[in-house]
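The values are calculated or read from the model by the stated rules, or taken from the named source; none is laboratory data. Small disclaimer: the values here were computed from a predicted structure and weren't measured. Here the Cβ positions follow ideal geometry from the backbone for every residue, glycine too, while neighbour counts run over all protein chains shown.
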Ligand SMILES: [K+]
Ligand SMILES: [K+]
């Protein structure tokens, strides 16, 4: 650490130089760094889950299942090829929980810091890059950002833990197990992970408001995403002061929840196989959950296989839209969806600008939205085609499974466990790409970042 | 006709005044006029098909089937609830053929004149509106436009008729029937109508290049659309001189055809139920047809029901994209698809502009493309949900049928005839909307055409 002559003000400690090296990579290709970090975390979790002590039987888990579970955990998806409650040992469950928390936290910070850099949003990124370049305010800036993220996580996961702990005591768990179960559940809920360690699943809590309401509320908040939560928490009494992003995210999330709840409630109200035999209040509770969790939480008190195909199709749409930007939710994101809807309204009205909440939205934002949605649809299409070829399953269950993986939702009609390994790898790749973000993936794989100086002459092809 | 004092140069004949009245409506709401004209034509054809003489048995056709067939004919779709060859009388078949030709011709002229006005393309519309306003060059302009459309139709339908007539003679049809069958087939092919009056369907011609190649070539040209055909025919030896629209249309159509042919060819090569038992050359022919006709022709020599579900899914995608703008093809149109792909490439590369063939494409074009694609996807989604609720069919066949109707393609896995009337009405509405064009429909139904003077301040929500 003394090979170079230190310049004035240089701190030549090893940690500082490592940090500078990482910053350098992040500045030149933040997307590629995100990709590498993510893949490494998945690799480590896969390795840990491949240890014999990770399973309850002490036998080594097959590679396809270890990789699938690791990807599902780190990408906070919740799709499982083996039952989390019975297949994995306590060690394995702790590994999964840590994977979920790293995936949720890591993606939150990386996605809000690096992901925003990819999408070229002005505020935060430029501040960060400027801080990195001047090397003076950098630590302070990054530190305060991380502190805000960590505070949010601690407050909300803590609140969920406190609410759920007495519930598990009441159910009859001993103190230690109640603490463990409520902690696992709290982390899984806020990170929209969809993993559960209840033997027999959540079906036993179908009418239990104390268990279900925390899932609904925690999933809603977790799926808002860090940029929205930060803006709201700074002005939580004055919604008019929220950023456009926060307003759009809250409004769209709420509308999708209400629409999903009403639609699924109507379609399943009289279905005796799903929740049609429960008391009316519990049917409403289950409809509220079924309308919320497709947008990436993935918890379900009702076996999806018992629902109607119409409900599946509505859930397909909700899953594809997903959660908020830089959230623990997946999909193409609610703002992407909202911007496209606003563009269509502007087009139909003949307005020159796309507008929302008294602001206009730049055409370049629409272009990014189109790219995200279109690439997402293409990935879902390619994944669906792959599973149709690799299995003899039909489109209804295949499309549901593929969108669930891409949107890191984790709901399933029940086909996951019996898929061939090849299909498990396809779904793993979808979860990974879906969690990383399609455009981050595209930027990470891009071979060049061409920028033209000369603008070409304009010509308008006919559309539609 | 003498109530007003004629101004100098005024022609006060009844026809002129009627033309002025129509022009006035067209100028103020061309979309609404298109809607009304189209609905009227469908209504008249429905009424004619409801006459007892329209069926071969002399019994009045049920309303749902008359409406469905009329919509399918006028919207050049080709989905049928009853067998065209056997259910309808010669009178009924003539009505259907006239409906196809009006639908194809009418939509060609109306879509190229009014549809372009809706999409606010500069060249043609402004010329037309200017001509209408000055009332001097109007007739000349419109006349030359119509003459070009009519010449195109006459040349291509005539060529198809001449090629197919001896074929039908060789098959063994008497002179009159050979003339009629080849005429029907020629009109059905060029208008991408997908209707056939061969008893037993096209399956008997699965290895017949003389019958299949005219379908492939005629469908390709018909699906290019009038603006592209006009630009190409003016400079057919100098592709560099073609309009950007023509270049994009030809390039995208060709790429989609090749990709579709290869994919379907591979998936069905060894499928004995579809064309896997034919000689290799005939398998290639059938793959070429199966790769072309989903983009809205709708002819098939192979029963779709015998193909793999993977093939259905590829055809779903091809049908959704559809043909060229202002063509006899449906779907969201190839240029819509191309502009979105180009936008994604620009986004991934970090280019400020969307570019193609040495031209840049304005952001407002992308906005229109997004609107068309997104509204199309929404309509397909709504139609699919409706059919899932109304029938107990599964997603694979329902999605195929709904996209086929929306994209006025006409391919079917075989469920059309057994659908309940409610589902037939849903598909009729989809065919109508799909043929009219989603944005024309939106503009026709729009209650206001708001235009702001003040621009709002800009703010960028996070996307993806
Ligand atoms: K999830
Ligand atoms: K057709």
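Remarks
- For residue B:217, the test of being in contact with a helix residue (DSSP H, G or I) (Cβ under 7 Å, 6 or more places away or on another chain) and within 19 Å of residue B:100 (Cβ to Cβ) is failed.
- Count of the range A:274-298 residues, restricted to those that are at pLDDT 85 or above and within 15 Å of ligand 1 (Cβ to nearest atom), is 6.
The rows are residues; the columns are (1) in contact with a helix residue (DSSP H, G or I) (Cβ under 6 Å, 6 or more places away or on another chain); (2) without any contact (Cβ under 8 Å) to a residue 40 or more places away in the chain; (3) farther than 30 Å from residue A:388 by Cα; (4) within 16 Å of ligand 2 (Cβ to nearest atom).
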residue: B:194; (1), (2), (3), (4): no, no, no, yes
residue: B:202; (1), (2), (3), (4): no, no, no, yes
residue: B:233; (1), (2), (3), (4): no, no, yes, no
residue: B:241; (1), (2), (3), (4): no, yes, yes, no
residue: B:259; (1), (2), (3), (4): no, yes, no, no
residue: B:271; (1), (2), (3), (4): no, yes, no, no
residue: B:285; (1), (2), (3), (4): yes, no, no, no
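- Whichever residue in the range B:287-318 is away from ligand 2 (no atom under 16 Å from the Cβ) and farther than 16 Å from residue B:401 by Cα and, among such residues, is nearest to the other protein chains (Cβ to nearest Cβ): B:287
- Residue B:394 falls short on exactly one of the conditions (1) within 7 Å of chain A (Cβ to nearest Cβ); (2) surrounded by 22 or more Cβ atoms within 10 Å (Cβ to Cβ), and that condition is (2).
- Residue B:380 being surrounded by 20 or more Cβ atoms within 10 Å (Cβ to Cβ), more than 7 Å from every other protein chain (Cβ to nearest Cβ) and within 24 Å of residue B:226 (Cβ to Cβ): no
- Residue among B:69, B:34, B:46 that is under 22 Å from residue B:198 (Cα atoms) and either within 14 Å of chain A (Cβ to nearest Cβ) or modelled with pLDDT of 90 or more (or both): B:69
- Filter pass, residue A:262 being at pLDDT 85 or above, crowded, with 17+ Cβ neighbours inside 10 Å and closer than 30 Å to residue A:339 by Cβ: no
- Residue match in the range A:225-242 (condition: modelled with pLDDT of 85 or more, away from ligand 1 (no atom under 16 Å from the Cβ) and over 30 Å from residue A:360 (Cβ atoms)): no
- Check on residue B:148, modelled with pLDDT under 80 and under 23 Å from the mean Cα position of the chain (by Cα): yes
- Residues within the range A:157-177 that are crowded, with 19+ Cβ neighbours inside 10 Å and either closer than 27 Å to residue A:70 by Cβ or within 15 Å of ligand 1 (Cβ to nearest atom) (or both), tallied: 5
- Members of the range B:368-377 that are within 7 Å of chain A (Cβ to nearest Cβ) and buried (at least 24 other Cβ atoms within 10 Å of the Cβ): B:368, B:369, B:370, B:371, B:372
- Scanning the range A:296-311 for residues that are under 10 Å from residue A:411 (Cα atoms) and buried (at least 21 other Cβ atoms within 10 Å of the Cβ) returns A:296, A:297, A:298, A:299, A:300.
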